[in-house]
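Here's a structure for you.
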């Protein structure tokens with residue numbers, strides 16, 4: 001057994017120094033420069049504290065205090081994978097692409113390991129995810145080993161693809177930082193189902209997605225986060241959405257002890273649109289955080305967002321959603337709703353919706369509610385003979401249901417519903 | 001869209017000629033030396049003949065202030081303030097403590113007459129032209145405390161109020177006549193080191209009003225303070241303290257204006273309210289400091305800390321504000337809802353035109369059980385104005401059955417302005433219910449079309465719609481003020497809507 005790894009930013013920097021010649025792309029000057037830049041950011045800023053406005057409600061100190069090792073060698077031995085939900089499937093174990101477990105043959109587009117395609121990614125990798133504002137993105141750039149590279153040519157309907165991340169318990173805390181690069185050509189289409197599962201060990205899963213949608217491209221992105229109980233899941237999506245393109249994301253956050261799913265989406269061409277729905281569920285002492293920033297930078301764009309939070313036990317929920325409407329983004333239609341349901345005396349919800357508007361011909365609104373289950377509704381169901389547990393379950397399901405409205409894809413719907421149901425079975429009745 | 005073009009053109013046509021309160025009174029003044037130091041704090045304290053405890057209190061605030069940094073988080077931009085280049089004390093030269101209005105400098109009386117503020121007791125508040133058309137005796141009298149730069153120059157109806165045991169006087173007088181009350185409550189809601197500007201105020205505050213309503217008394221008239229900045233290169237740092245004892249009721253109004261100048265002047269006030277069991281305090285502000293000219297030159301920096309504590313059960317504090325003036329407004333009138341079943345309210349209209357900036361809102365701290373709060377905020381941005389609503393609703397774990405409703409609406413007139421909403425909502429109580437909604441839009445073409453089709457001119461139509469937009473807030477103002485506020489809204493947006 002080796003000595004416990006050094007905690008905090010210093011620990012990551014020390015391990016980076018030891019690893020940097022072995023990290024993929026170590027001999028590519030452009031990537032080495034990006035990593036060096038990231039090292040400077042991590043060294044200067046470290047982990048954000050709650051004094052940093054963007055992290056006011058989510059305390060990263062458990063992450064900063066833990067010492068993580070990087071999983072140096074691929075885990076051998078048989079893995080039991082969940083049944084595939086799509087024919088095409090990319091599997092990552094501890095953040096590394098596993099061709100042997102994936103099914104990517106005969107696709108009409110490129111779906112492959114980032115580590116193996118670094119030569120083709122110059123100018124693309126890192127282009128959408130700035131290091132300066134987001135400490136976890138800088139950490140990702142510093143340490144990433146692999147990720148999924150998706151490149152769908154113009155006009156291609158790519159169908160469904162499953163992106164599965166599995167964390168295998170190596171018996172000590174470990175961290176992985178996949179970097180996924182997704183590019184959809186003009187008029188192309190893809191439905192992506194992203195799932196994250198893991199064992200009960202303490203680990204940090206810190207993925208960064210860079211998503212670039214050309215004119216008229218449509219990406220539907222379902223996300224089922226069911227990490228293990230000791231996990232820290234801190235994901236970041238940077239999406240750039242061109243004219244008439246559409247980015248729809250529907251996320252369920254139902255695992256991990258600390259989750260932050262952050263999305264920064266920019267609508268850069270006329271009539272682009274973005275839907276960002278999420279359902280976040282927490283019990284015990286878990287913390288769930290949905291943080292989004294929507295940048296309306298072109299006219300006639302629309303954005304819709306519904307975030308539902310259900311909190312049991314001593315859990316904490318956070319919603320931070322910002323809509324920025326730039327001067328040129330006339331005729332913007334922006335809507336944001338976040339609602340939280342408290343199921344226990346000790347749960348806490350903190351919510352910060354935010355509008356920043358510089359154009360006058362816009363229609364923007366946001367709403368927020370926080371409260372307990374409606375006593376009248378419960379009474380109504382019970383008076384009709386529904387047992388208390390079941391009545392509560394029905395009301396919670398109904399509450400969450402709105403987050404999935406407009407989700408037409410059956411595969412995604414089934415996967416996301418299963419994630420919600422799984423959480424309810426584990427935590428619903430106990431709360 | 002001719003309607004929109006017209007509106008934008010008229011926004012550009014706004015000139016500073018619309019600020020009617022921009023004159024300067026030529027009166028002999030007494031200043032403290034320029035700059036800020038411990039000596040200046042001692043100078044102010046000595047000038048006010050204050051007891052030792054208050055000097056100590058000020059010095060502690062000053063020490064705290066020196067260690068603090070000016071906040072940079074509000075969405076407002078301004079060049080650094082040179083605190084050494086301003087006078088922290090400026091008072092009109094006059095006999096010490098005038099016994100009656102006859103002893104007050106006639107030039108001062110004329111100033112207030114010009115502003116429409118009656119210092120003669122038979123008169124009433126005649127805020128704007130036309131408001132005085134009703135016979136004076138048919139309306140409620142209003143007691144006025146007039147603060148001119150750093151000192152209170154007159155307080156009316158004191159004798160009448162004393163009959164009910166109500167204390168209404170300048171705070172510097174209260175320090176001498178009712179030291180036990182001042183010492184007990186001063187800084188009890190806004191502590192000296194609360195924030196940068198509150199600490200500055202605590203160190204150098206010069207005057208302001210003190211109100212004490214005894215148990216069970218319903219104040220027979222509206223109380224009001226009128227703040228006037230007159231001297232150049234001064235800041236105004238007033239401090240208001242209102243205590244409503246058990247079962248009492250008071251409605252208090254505050255108004256303010258300043259001369260038109262190219263320089264920016266700082267106004268950093270602190271207002272503390274304390275409401276005991278079953279007491280109600282209604283605090284209304286019509287803030288009309290000089291907003292600067294059409295190019296954004298000059299105007300007041302209005303950096304104010306206002307906070308009320310609902311200490312008693314079933315107490316209520318209601319803030320209503322109409323913010324039309326100031327180059328920059330930075331204030332969050334707040335309520336600490338400690339007493340069970342206590343109620344906090346915040347009604348606000350904030351207008352930013354030309355280059356004005358406002359970052360305003362409220363904080364509601366729900367501590368006691370069954371506490372309720374309502375927030376209604378209406379922001380209007382025109383010209384290059386930037387308007388931010390920033391608010392906090394915090395429900396503590398013991399605030400069972402607490403309830404909050406928040407509504408913030410923004411209206412944009414022209415495409416060079418900005419409207420922002422930054423609410424913070426924190427709920428730690430299962431049985432509490434919090435609702436927040438916000439909208440941002442411009443005046444709808446169909447609303448305009450509807451009005452114009454019925455024969456209203458473009459300007460009248462916009463005026464009508466804006467008044468409707470603000471109605472929920474304006475109806476909370478005492479009647480006299482509501483009339484003034486409506487006219488002010490129109491004047492503030494003159495050219496752009498009115």
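For segment A:224-234, which residues satisfy the criterion of being in contact (Cβ under 8 Å) with a residue 60 or more places away in the chain and in a strand (DSSP E or B)?
Within segment A:224-234, A:224, A:225, A:226, A:231, A:232, A:234 meet the criteria.
So which residues in segment A:403-423 are modelled with pLDDT of 90 or more and surrounded by 21 or more Cβ atoms within 10 Å (Cβ to Cβ)?
Within segment A:403-423, A:412, A:415, A:416, A:419, A:420, A:423 meet the criteria.
Of the residues that sit in segment B:421-435 and are in a strand (DSSP E or B) and buried (at least 24 other Cβ atoms within 10 Å of the Cβ), which one is farthest from the other protein chains (Cβ to nearest Cβ)?
B:423
Against the definition (touching a strand residue (DSSP E or B) at 6+ places or on another chain (Cβ under 7 Å) and either surrounded by fewer than 19 Cβ atoms within 10 Å (Cβ to Cβ) or at pLDDT 90 or above (or both)), how does residue A:112 come out, yes or no?
yes
Condition first: within 14 Å of chain B (Cβ to nearest Cβ) and over 23 Å from residue A:292 (Cα atoms). Can you find one or more residues in segment A:393-409 that meet it?
no
Given (1) closer than 26 Å to residue B:471 by Cβ; (2) within 12 Å of chain A (Cβ to nearest Cβ); (3) buried (at least 24 other Cβ atoms within 10 Å of the Cβ); (4) modelled with pLDDT of 90 or more, identify the lone condition not met by residue B:362.
(2)
Every residue in segment A:176-214 that is part of a loop (DSSP other than H, G, I, E, B) and closer than 25 Å to residue A:154 by Cβ, please.
Passing the criteria: A:185, A:186, A:187, A:188, A:214.
Within segment B:403-420, work out how many residues are more than 24 Å from the chain's Cα centre (by Cα) and assigned to a loop (DSSP other than H, G, I, E, B).
The total comes to 3.
Moving to a separate point now. Test each condition in (1) touching a residue at least 24 places away in the same chain (Cβ under 8 Å); (2) more than 13 Å from chain A (Cβ to nearest Cβ) for residue B:408 and report the one that comes out false.
Of everything listed in (1) touching a residue at least 24 places away in the same chain (Cβ under 8 Å); (2) more than 13 Å from chain A (Cβ to nearest Cβ), residue B:408 misses just condition (2).
Can you tell me which residue within segment A:115-131, out of those that are in contact with a helix residue (DSSP H, G or I) (Cβ under 7 Å, 6 or more places away or on another chain) and not in a helix (DSSP H, G or I), is surrounded by the fewest Cβ atoms within 10 Å (Cβ to Cβ)?
Result: A:122.
Among the residues of segment B:441-455, is there at least one that is surrounded by fewer than 20 Cβ atoms within 10 Å (Cβ to Cβ), in contact with a strand residue (DSSP E or B) (Cβ under 8 Å, 6 or more places away or on another chain) and either modelled with pLDDT under 90 or more than 14 Å from every other protein chain (Cβ to nearest Cβ) (or both)?
Within segment B:441-455, one or more residues are surrounded by fewer than 20 Cβ atoms within 10 Å (Cβ to Cβ), in contact with a strand residue (DSSP E or B) (Cβ under 8 Å, 6 or more places away or on another chain) and either modelled with pLDDT under 90 or more than 14 Å from every other protein chain (Cβ to nearest Cβ) (or both).
Only residues in segment A:365-389 that are under 20 Å from residue B:397 (Cα atoms) count as the first member; pair them with residues that are part of a helix (DSSP H, G or I), Cβ under 7 angstrom, at least 6 apart or cross-chain, and list the lot.
Qualifying pairs under 7 Å: A:373/A:392; A:373/A:395.
Are there helices (runs of 4 or more DSSP H) fully within segment B:134-241 with at least 3 residues that are touching a residue at least 24 places away in the same chain (Cβ under 8 Å) and under 27 Å from residue B:315 (Cα atoms)? List them.
So the answer is B:171-177, B:179-185.
Table: residues versus (1) crowded, with 24+ Cβ neighbours inside 10 Å; (2) in contact (Cβ under 8 Å) with a residue 40 or more places away in the chain; (3) closer than 19 Å to residue A:86 by Cα.
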{"residue": "A:191", "(1), (2), (3)": "no, yes, yes"}
{"residue": "A:208", "(1), (2), (3)": "yes, yes, no"}
{"residue": "A:212", "(1), (2), (3)": "no, yes, no"}
{"residue": "A:236", "(1), (2), (3)": "no, yes, no"}
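Across segment A:345-355, which residue is farthest from the other protein chains (Cβ to nearest Cβ) among those that are in contact with a strand residue (DSSP E or B) (Cβ under 7 Å, 6 or more places away or on another chain) and more than 15 Å from residue A:291 (Cβ to Cβ)?
Among those that are in contact with a strand residue (DSSP E or B) (Cβ under 7 Å, 6 or more places away or on another chain) and more than 15 Å from residue A:291 (Cβ to Cβ), it is A:347.
Same structure, new question: Which residues, counting only those in segment A:15-65, are out of contact with any helix residue (DSSP H, G or I) (no Cβ under 9 Å at 6 or more places or on another chain) and assigned to a loop (DSSP other than H, G, I, E, B)?
A:21, A:22, A:27, A:51, A:56, A:57, A:58, A:59
For segment B:308-333, which positions are surrounded by fewer than 24 Cβ atoms within 10 Å (Cβ to Cβ) and within 21 Å of residue B:253 (Cα to Cα)?
Result: B:318, B:330, B:332.
On to the next question. All but one of (1) buried (at least 24 other Cβ atoms within 10 Å of the Cβ); (2) in contact with a strand residue (DSSP E or B) (Cβ under 9 Å, 6 or more places away or on another chain) hold for residue B:218, so report the exception by its number.
Single failed check for residue B:218: (1).
Which numbered condition in (1) within 11 Å of another protein chain (Cβ to nearest Cβ); (2) crowded, with 21+ Cβ neighbours inside 10 Å; (3) at pLDDT 90 or above is the only one that residue B:414 fails?
Residue B:414 satisfies all of (1) within 11 Å of another protein chain (Cβ to nearest Cβ); (2) crowded, with 21+ Cβ neighbours inside 10 Å; (3) at pLDDT 90 or above except (3).
From the list A:222, A:147, A:216, A:185, which residue is modelled with pLDDT of 95 or more and under 12 Å from the mean Cα position of the chain (by Cα)?
Matching residue, one of A:222, A:147, A:216, A:185: A:222.
The values are calculated or read from the model by the stated rules, or taken from the named source; none is laboratory data. For clarity, every value in this text was computed on a predicted model and none was experimentally measured. Positions of Cβ are backbone-derived with ideal geometry, glycine not excepted, and every protein chain shown enters the neighbour counts.
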